[in-house]
Each structure stands twice: as structure tokens, then as C-alpha cells.
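Novice: Can you read through this structure? Questions will come right after.
Bear in mind that the values in this text are calculations on the coordinates, not laboratory data. Keep in mind that what you see is a predicted model, and the values were worked out from it rather than measured. Cβ sites come from the backbone with ideal geometry, for glycine too, and all protein chains shown count toward neighbours.
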Amino acid sequence: MISYCNNDTICAISTPPGCGAIAVIRLSGSEARDIALKSFIPKANKTLSHSTCVYGSFLDNNGEMVDETVTAYFQAPHSYTGEDLVEISCHGSVYIQKTILEILVSNGARLALPGEFTFRAYRNGKLDLAQSEAVADLISSENKQAHDVAVRHLKGTYSSFIKELRDKLLHLLSLLELELDFSEEDVAFADRTELINLLETIEKEVTALAKSFELGNALKTGIPVAIIGKPNVGKSTLLNALLKEDRAIVSDIPGTTRDVIEDVININGYPFRFIDTAGLHATQDVIESIGIEKTIERINKADIVLHVVDLTQTDIKSLQSEIDEFTGHITDDTKKWIIVGNKEDKIDSVPEWGSITANGLPIDTVIISAKQKLNINQINETLYQYVESKGVTGVPTVTGVRHYEALIRALESIASAKKAFADNVPADLLAIDIRQTAFNLGSIVGDISTEDVLSSIFSKFCIGK
Amino acid sequence: MNNTYDIIVVGGGHAGCEAACAAANLGAKTLLISMSMDSVAQMSCNPAIGGVAKGQIVREIDALGGYTGIVADRSMIQFRMLNCSKGPAMWSPRSQNDRMLFSATWLSVIENTKNLDFISDNVIELIIKDGSVRGVKTEIGKSIYSKAVILACGTFLNGKIFIGEVSFAGGRIGEKNSKGISEQLLSLGFEVSRLKTGTPVRIDGRSINYSLLTEQPGDEHPGKFSYTDTPTLRQQKSCYMAYTSEEVHDILRKGFDKSPMFQGRIKGIGPRYCPSIEDKLNRFAGKNRHQLFVEPEGWNTVEVYLNGFSSSLPEEIQYEAIHKIVGFENAKFIKPGYAIEYDYFSPIQIQRTLESKLLSNLYIAGQLNGTTGYEEAAAQGIIAGINAYQKIYDKEAFTLSRSEAYIGVLIDDLITKGVDEPYRMFTSRAEHRILLRQDNADERLTGKSYSIGLAKENRYIRLMKKLENTQKTINFLESQPIKANDINGFLGEIETGLLTETTKLSRLVNRPNIAIRDLAKYSTALETFINNDCLKAENIQIVDEEALEEAEIIIKYQGYISKETTLASKLATFDDIPLKKDLDYFSMTNLSYEAREKLNKIKPTSVGQASRISGVSPADIAALMILLGI
């Protein structure tokens, strides 16, 4: 079995499989440049030097031209992997990609194992553990916002934020340990108020970070939207209109349950995912006879609810009782409720629904005609505004499930430490919870060692008989 | 004369004495060589044993069948259980001891140990053959042969004493140092460096005005260190507290230009946690007074030790400054404070058994490994003694893990991290200190020591009886109910929640401020249980007390104990993944350079140990595990 432990020069097609306009093939390792230059002949006697792109011909082993390519070279350690790195951009045909790869292998390169480029970047100190995970996110990010999050993560903003928290914890721990190991000495002990304040600050920051996971996750998989309403109000027509608006970037992605297909649209870079639309795709709404329970289930899964009503059959009173019926079971008060008045083309005057409430949820009203595609843009705008209002930018966001779990465990130990504070338990027991918090956060960016704690104590306090 | 032994121990300090007794008690024919058998196990610094973390170590040594606890119990003049207001992991026994009596008691232990010979002489060279140590040569020209040698020469190797601008060779004030061994080992490739430590002035107690100082008496009910039937104190001597002042500091500062530390004449690094008084003034200029402890040196001596005033400033400066301390206006010096610089061998050159990696059958223990403290030294001594025996008799190595004992933490830290200042134990060095309590050292270690034949059967029987009684007590408390009316008066008194219905006693013990003994006053069933013969162990005095304490701790802190047990076993999985000795870390270019260098130097025996090396990051460990296909 080939392991990751070697210094072979490795190569792989770095663009998605299949036929595209162009493809990129990467080579990494000490022989990358030599291997490439066995077959790549730069035009006009250009040399392949660090951080430049050179145009030229890629020849097979008989000297026949395979393709005209642009080749870039990055010298170690100034490359993504920290090794000599060559990137060959060729035309996207599967045949060309495959042939170039075969030639590189016959020149002495080895096919890379999954994730091996990132592994090398990691082992050469180009990325830390959290950053390597961000690479995986970056590669699979399908929209601008998820991309931004991954880039931020990759730049280490997030790691340095966690390190800040780690330093605060270290300070907290050293205050406690001082009190324990040097109890016989003449040192002033931290007052409990300062300790609990520090703990609360840390809790707040960890909570914010954990919450950002939910948003970060939504950005990766799409912000969940539910389209609900009585039969025949035009839900299916609305969905098709929304999808048509954005046909070029519509994709089908598998939902959380096996049989469910969910539609995703992309508005100004944000993905929105319509929950459980299988029923809505039926040619006639009549067939879709879903009950109230199913509707509630959809609402609970969604961040945004598009509540479609037929303008020709709705007055303010019936609308309010319909909303009450749907919202009666909701506990989460952060959902956005958008009333979509459909069939605007069939009524004479727009109704005045300003007094409508949705059990305390933020509410908006849009009047459209799905069939005539009137005001569909206004729905898009409302969806977009909702996400913008959440303030996505600037917050370090946790996207990895592993990190999320570590944060949740850290929160549990913080809660336990707070309880211990409240119960006035001795400092050594309190320290157990604080140490566990440090341990949980440490699993993201590196542990706090007992030596760190002691150094922190010695640098700040005068001790020693 | 006899010149062949199984094991030779060089040095009669705390490490050497424990090592010699452990080896001899296991059955090895052992020789202890000390420069002066008249002064074995000296307390060169303060006349006290134990303290935070150190007291736990003494209990561990005792649980293993060592003697430091027994000797301390027989020579103590004061006992305090420190940190009683904190959780049970912090309860730390500490004694003040009669310095002369401590040494004399140790000597009588040695004299009464079978298989153990001792001589006064100075070892100047090791006899080495085929990469293995075979004996020692002494100053008077003797060659003595053995299968293993344990080096425990403390601060004596090239020891140099400093007092102001005066400096001279010596292992302790008034005693000569030892030369030869360092040079020989250095030539064999051992890494030898220098450390420094200091000790304060000794004063004639008759010249101190105690009425101006604050008294610090011993505990009302003094405890002890040993799990065996050693006596407890009937009367005690007090310590006293004094304070320096700005005036004192100003005088001391006058001598800074003559300080061997500040002039760079002392190259060795001193301990940060036990700084000299000049170091304290220098680093914490804002503090306008420092606390000092006056510790009596024994029952019958007038000599007292001024804890907190360690100094290597010129004697006249020390003298002038001390006379400005309230209560010390007429103080007479017996010995001035001094600093001592000495050789130590970087402990990353030894294995977990304390055997040298470079020279087989050579064991190194105590201050030579860069530690400080009698307790740390003694702990290494007993482990070296056991392992030297185990090796020459072809038995399994005897090692302790970090979650098993402070001794395990101590040795793992030494061999993994090395030292760059004298190493002292702190409870915060242990990841799982709630498991490493002074009350359960016997549960953690006595069985293990008994199984190799060191801890004697009476210790083991006693442990079994304690465990049985502890369980009996827990079972009783968990099944015995108490009526709300019988106890609510007491609960009201101590301002804790009242009962609304009949409750099991264990639920009350669970509360932070209720002791089992408190409840006995309100539950006749409990009182009968405690005083009943069923808890009394035959011919063993104190087991019932220990069982009560143990049961109380288990009931009160079960949540924390089981949380830590789980975490410890999770972390232990990494310690169970072995790393081969001959791995070529330099070929693993995927590890950071620093990690490669450190791993190559330390050659960790497990992934867990590798992960604790400073400079080896979690990323390095992840890469290492991927590389080795773990």
C-alpha cells in the first residue's frame, strides 16, 4: 500500500472530473519542474521560473504535440504545498487530461492519493489542522458566501480567534492554579467576580462561534425555505417561476432523507434550498394532498417560510386564522414569515394586510402573479434581504462538524464550571471543568499544556518562600 | 573484604537511601556508599517534609514500601494538613522535622535493613565494560564490582558555593564536593549542565523576639504520612511569620553589585518558584514586603531556619538587612544564606526506569536529574532501586503512569520535557489530580508494589481491610435512612437545605459541608455502625478512620472522580500506542524540524509521550500517526 509517508513527486487532475473548457493538472515534489520539462516545451525560449506562467507545447513520448498548455511554476517553499509545484492548464477534453497525466507518470511522477496535496501543505506547515479542513470546504463550496467563509477560515482568522479564547482560558486557569499550588504563600488571589466574568466572556464567544456553525452550514447546503399553503393556491407555479428565474444555476441536490429531492436557487451568491418539493413538482396541486402535520414539519425545518395564498379567495380574517393555525406549533421565533399573495392578475385592488401578525415572527408581504411572473423578483429581494440582515460577513464561522462538536462540548464544560462557581465548590474541582473546556477547545487548535499554565503563573505572580 | 555486590548506590541522600533500601528489601545484595555515613538523608534546605503535591508524593513512596514517610513521622515536631478548605485532591500533609532526628532515624532504618552494607567513601570513577557499568572506584583506591550502579549524588558533583564575592568548592556548606564522575560521563557523551539553588540564613532562635511575630501552630489533631502504625504527635512546636519591609529591601539592593547572580558568576539557572530574596526584589519591584517563615530545626536545638530569605548576597549585607526585620533586631547568625551551583545530567538521557540510555545498568536518581526537593529525590530513588533489581534479576520494568501517581507525572515530565530550571512538583502538573489524592495512594500503588515483592504483606492486608471497610461504609450510608425531623435542626444550623422527607444518609454526605461524623450525632444507627466491631480491623489501629474518610470522599466527589477517570482513560489510549526506539525521525521530512530534532533526541516510547514533548505540535502528532500508519 502506498502511504502518505514519502517524498515522491505526485500529480493529479485538480479540476472536477469530466469535460470542461480547461483543466488543471498539478505536480508537487522536488522533481516537479524536471518532470514537467521532460514533456513541456516553452515557446520562444522562455524559462519556467518561480511564480510565472509560460505558454508552450506539451509533447508525448514520441515528440508529438498533445496540447498547447499554460504552465505555472512555484518554487519551494513558496507554494501551496510548500514543495516545488507545477500547474499545467490544458484544454478540458478528458482524452487530453488523461494523456498528459499518463505522460507525467511515465516521466517519474506518482498519482496522488486523495487529499495528498493538502496533506503535504499541512505537513510542511503551510496549513494548520483547522485550515486543512477549510480547504476541503473551499473545494466543495458552491457559492460565493460559502467560499468567503472557507477563505476566511483558510487565512487563519478563525484559528487566531480560537487562540485568543485559549489565552483567556489560560489566564483563568493560572489564577485558579496559583490559588491551589501556592496557597501557603503570600499571594493575592483573584476575586471570584473577575473569574466568573472571564468565564462568561468566554462562554459568550464560544456560543457565538457555535451559532455561526448553523449559519455556516446553511451557506454550505443552502438556506432552508418552505413553500406552504392550501391546495391550488399556486405553490407549484411559484416554485417553477422561482426556479426559472435562475435556470442556469439551478441544481438538484439530494436532501436529508433518501427519497427527497430539493431544489436550490442562488440569489446574489446566497443559496436557498426549498424543502421537500417533491409534492410540489406534481403537475397538479390537487394530487398534493398534504395535511397540516406535514406542513408543520416543513415549517420547522425552514429558516424562511413562503406562505402562499390565493388573493381571490382570501380576506384578512381568514388569512389571520390560517397563519395562526400554522404558527401555533412553532417554538423558534427567528423564522422569517413571508406571505405571498398570488393571482394578483385576477383581482382589482391590492388588499391592505398591515395588521396581520405571525405569532411574533418577523413578517413580510409580497403580492405576485406566479403565472404571469409578476413581482417574482420581489420575492428574491426579500429572501436576499433576510440573509443580509443576519450579518453574515465579519463573523468567524465554524463550518466543520468536528469543530462544532468540540465547541458544544466546551460549552457543556463551561456550563458545568458556572454551576460549580454558583455552588461555591473548591477551586481544584472548578479547575477540572476549566481544564476540560481548554481540552475541548484545544482539540481544534492545539492543547494547553500544564507547562503553559505554570509559565503563566510564574510570569505574573511573586511566589516562593 | 567483600568487593562484589548486586547493586551499588552512590550517595546517601534522600534518593540514595530509598534506592538502597528498595533494592535490598527486594533481595539484592546492596552497598550504599556515602561520603559520610554520619550525615545520611540530610535536610540541606528547610527542615520540613511534604506540602502541596510533595505531601502526596511522600504518601506514594510510603504506599510503595519506602521509608520517607515513616522517618518523617518519627522525627516530626509539627504537622499540618494544608488546603483543608479545598477539595480532597488538594489536601496536602506537611511536617516540620527535627533535622538531626530525621537523619538519625534514617540511619537506623538502613542499619536494620537486611542485605544492605554501607561504607563512608568518595566514588571518583565508574568501572565500565562493554557499554555497561560494572562497579565503582573510590578515592581511597578501592574497586568494588556490581551488576548495576545507582548514582544519587545530589548537589555534590562539582558543587560550588557562593556567598557574595566569596566562592569555594563544596557539596553543602562545610562539606567537600565530589569530582570525577561528571568528567567521566561527559567523555562518554553525557550531556552535563549546571543548575543553581539557594538556601537562607540559619539563626540562633534565642536572639529572636517571637512576641513581635505571628505564631503558626500545628493542627489540633495532627495527622501523619505513613499508612503503617507510626505514632502521631502529642506535642508540637510552632512556626512564626515575619515580613520584610522597604527598609530591608533598600539594604539588600546595596549588595546587588556584589551578588554572584547579578554579576553572572553563577551560570546555572535557579528555580522560578523558589527565588532568592534578591531575585524577588528584582522581579517584583512593586511589592513592598515579602512574607518569611521562621521554622525551628528541632526539639532541642536553638537553630531556626528563615524560610523565604534565601540569598547569596555578602554576609554583612544579609546581616544588616535581617536586623531591620521586626523581631530580628538582635538576630545572631549561625550560618549565612548561600547559593550552590552543581552539575546535573539532562534527564532526557534516562529511560522511564531511570536507567541511562547511554550506559546500561547505570541508574540516575534525584537532584542529579535536575529536580529539587527531598520528596522528588526520594521518589526517584525508590523507582531506581526497584528497577535496578528488576533488571538484574530479569524481571519486568516497574513504571507508573501519569494518571496513577505523581511519581509517574514526575518521571514522565523529566524524561519527556527535560528540565531548564530545578524541577519541583506542583499539583497543576498532573492532568488528573482528583485521582492522585493523598488518601488513596495506597489504593493506587500498594497492590502493585506488593506484586513485585516490595510492599510487605501487612501493608497489603491493611489495604484490603481498608477497601472492605470503605465499601461497607458506603453501602451502609446508601441504605440507611434518616428522618427529616432528626436532622433538620442540624441542617438549619449549618444553613443548608432542610429535608422534607426521610432520606438516605448518603444524600446528605453528598452535600459539600456535611461530614459523616456530623451525622453520627443525629443517627444512632450510624453511630453504632462506626463504633461497631464490624468496622474495626483486627490489630490495625487506624483503618476505620481511613475508611470513613475514603467513603466520604467517594460519595462527595464521585461526579468529578468518574469524569476524570473517563478523560484519563481516553488520553491513555495514546500512551498505549508504542513507538519503536530505532525510528529515524530525521527522515520524516513531513514533521517540523523542531519536532524531528526533539523526537530524535528524546526517542519517546509512546505516541502519548511524543505528544507531551514541547515543540511537537498536534499537527506533528497527526502527521506522525499517518506516516506510521497508526
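Novice: Counting Lys +1, Arg +1, Asp -1, Glu -1, what net charge surrounds A:LYS418 among other residues with beta carbon under 13 Å of its beta carbon?
Specialist: Charge balance in the 13 Å sphere: -2.
Novice: Could you work out the mean projected area of the convex hull around the alpha carbons of chain B, in square nanometres to one decimal?
Specialist: 31.2
Novice: A follow-up question, please. Using θ = phi - 60° and the Karplus form 6.51 cos²θ - 1.76 cosθ + 1.60, what ³J(HN,Hα) does each residue of region B:505-510 get, whole Hz, x for Gly and Pro?
Specialist: For region B:505-510, the Karplus-derived couplings read 4, 4, 5, 7, 4, 4 Hz, x marking Gly and Pro.
Novice: Provide the FRET efficiency to the nearest 0.05 for the A:LYS371-A:THR334 pair, computing r from the beta carbons and using R0 = 35 Å.
Specialist: My answer for the efficiency is 0.60.
Novice: For B:LYS472, give me every one of the lysines with a C-alpha distance below 23 angstrom, ignoring sequence neighbours fewer than eight places off in its own chain.
Specialist: Within the straight-line limit of under 23 Å, B:LYS472 reaches these lysines: B:LYS483, B:LYS504, B:LYS521, B:LYS536, B:LYS556.
Novice: Right, next: Quick one: which residues, 5 or more positions from B:TYR5 or on another chain, have an amide H under 5 Å from its amide H? H modelled 1.01 Å from N in the peptide plane, none for Pro or chain starts.
Specialist: Sorted by chain and number, the residues that satisfy this are B:TYR145, B:SER146, B:LYS147.
Novice: By a straight-distance test (C-alpha under 22 Å), which lysines pair with B:LYS324 as possible cross-link partners, with residues fewer than eight away in the same chain excluded?
Specialist: A:LYS465, B:LYS254, B:LYS258, B:LYS280, B:LYS287, B:LYS332, B:LYS335
Novice: Taking the Cβ of A:VAL54 as the centre, find all other residues whose Cβ is under 10 Å away and add up their charges (Lys, Arg: +1; Asp, Glu: -1).
Specialist: Working: positive: A:LYS43, A:LYS46; negative: none.
Result for the neighbourhood of A:VAL54: +2.
Novice: Show the residues, 5+ positions off or on another chain, whose built amide H is closer than 5 Å to the amide H of B:LYS332.
Specialist: Under 5 Å from the amide H of B:LYS332: B:ASP204, B:SER207.
Novice: Would you mind computing, in nm to one decimal, how far apart the modelled labels at B:PHE256 and A:ALA208 are, each placed 7 Å from Cα along Cα→Cβ?
Specialist: Reported label-point gap for B:PHE256 and A:ALA208 is 4.3 nm.
Novice: Given the -39500 (n - 2.57) contribution per DSSP H run of 4+ residues, what per-residue ellipticity at 222 nm results for chain B, rounded to the nearest 500 deg cm²/dmol?
Specialist: Helix-only estimate at 222 nm: -11000 deg cm²/dmol.
Novice: In addition: Would you mind calculating the gained length between B:GLN263 and B:LYS287 on full extension (0.36 nm times residue separation, minus the Cα-Cα distance), in nm to one decimal?
Specialist: Values: separation 24, 0.36 × 24 = 8.64 nm, distance 2.34 nm.
Going from the current span to full extension adds 6.3 nm.
Novice: I'd like the distance between the alpha-carbon centres of region B:316-392 and region B:571-589, rounded to an integer number of Å.
Specialist: Result: 32 Å between the Cα centres.
Novice: Just tell me which lysines come within less than 25 Å, Cα to Cα, of B:LYS580; anything on the same chain fewer than 8 places away is out.
Specialist: B:LYS357, B:LYS391, B:LYS395, B:LYS417, B:LYS570, B:LYS598, B:LYS601, B:LYS603
Novice: Say R0 is 51 Å: what FRET efficiency, to the nearest 0.05, do B:ALA169 and B:ASP576 get from their beta-carbon distance? Walk me through the numbers before you get to the answer.
Specialist: On the way: r = 48 Å, r/R0 = 0.94.
Efficiency, rounded to the nearest 0.05: 0.60.
Novice: Between B:ILE140 and B:ASN532, what FRET efficiency follows from the Cβ-Cβ distance if R0 is 51 Å, with the result rounded to 0.05?
Specialist: So, using R0 = 51 Å, E works out to roughly 0.20.
Novice: Okay, next question. For A:TYR55 paired with B:ARG517, estimate the spin-label separation in nm (one decimal), with each label point 7 Å from Cα along the Cα-to-Cβ line.
Specialist: The modelled label-to-label distance comes out at 9.3 nm.
Novice: List the residues whose amide H sits under 5 Å from the amide H of B:LEU435, counting only those 5 or more places along or on another chain, with H placed 1.01 Å from N in the peptide plane.
Specialist: none
Novice: Over chain B, what relative contact order in percent results from Cα pairs under 8 Å that are six or more residues apart?
Specialist: 16 percent.
Novice: Could you run the Karplus curve 6.51 cos²θ - 1.76 cosθ + 1.60 with θ = phi - 60° over region B:238-245 and give me ³J(HN,Hα) per residue in whole Hz, x for Gly and Pro?
Specialist: 8, 9, 9, 10, 9, 9, 7, 9
Novice: List, largest first, the extents of the alpha carbons of region A:297-354 along their principal axes, each in whole Å.
Specialist: Sorted largest first, the three principal extents are 37, 19, 19 Å.
Novice: Take A:GLN313 and B:MET625, extend 7 Å from each Cα along the Cα→Cβ direction, and tell me the distance between the two endpoints in nm.
Specialist: The modelled label-to-label distance comes out at 6.0 nm.
Novice: From the backbone phi of region B:381-387, what are the Karplus-calculated ³J(HN,Hα) couplings (6.51 cos²θ - 1.76 cosθ + 1.60, θ = phi - 60°) in whole Hz, Gly and Pro given as x?
Specialist: x, 5, 5, 5, x, 4, 6
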